[in-house]
Amino acid sequence: MKSLVLILSISLIFFSSCKNAPEANIKEKDPNAKYTTCELIEKPFVNKRGISTDYMELYLRCSIQDYFIKLCHSNVDEKALRKYLNKSISVEMEIRDDGMWDICTDDPTYAQSRTGAYVVIKKIVD
């Protein structure tokens, strides 16, 4: 009899905790929020031919997407960001898909660069 009560009590606790877990993990994105919280990571530089190098670059891992950080257009420098390496960081940022990652000037003489979505960080939110 005691074991039956114990099993029922444990089952009740287990099922009630499972019921509340998904609700606790849901985070609705506030469209009025001015900042985003992501993880700051570094990845090796990979050239256009797919060859990885020893040079490490900073990326923001936001949900399932890793975004290259274009530092030359950002309002923060690499030293300020590295304090948050492999940690959560809240930033005011802009996602862009309008240019080349490796070119920081308007000079069109450069022929090759990586392209795609990247982020520009306006400020770190503490």
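The label-point distance for Ala117 and Tyr35, in a model that sets each label 7 Å from Cα toward Cβ, rounds to 2.2 nm. If R0 equals 25 Å, the separation of the Cβ atoms of Lys83 and Cys104 corresponds to a calculated FRET efficiency of about 0.65.
Approximating the spin labels as points 7 Å out from Cα along Cα→Cβ, the Asp54-to-Cys72 distance works out to 2.4 nm. The modelled label-to-label distance between Asp97 and Cys62, using points 7 Å beyond Cα along the C-beta direction, is 1.3 nm.
Working note: Karplus 6.51/-1.76/1.60 with θ = phi - 60° gives the stretch 83-94 the couplings 4, 9, 4, 6, 10, 6, 9, 9, 9, 9, 9, 10 Hz, where Gly and Pro are set to x.
A convex hull fitted around the alpha carbon atoms of the stretch 36-125 yields 103 Å³ per residue. Beyond 19 Å in Cα-Cα separation lie the following of the pairs Lys48/Lys87; Lys43/Lys70; Lys43/Lys83: Lys48/Lys87.
All of the numbers you see were taken from the coordinates with simple rules; none came from a lab. No experiment lies behind these values; they were computed from the predicted model shown. Note: ideal-geometry Cβ built from the backbone for every residue, glycine included; neighbour counts use all protein chains shown.
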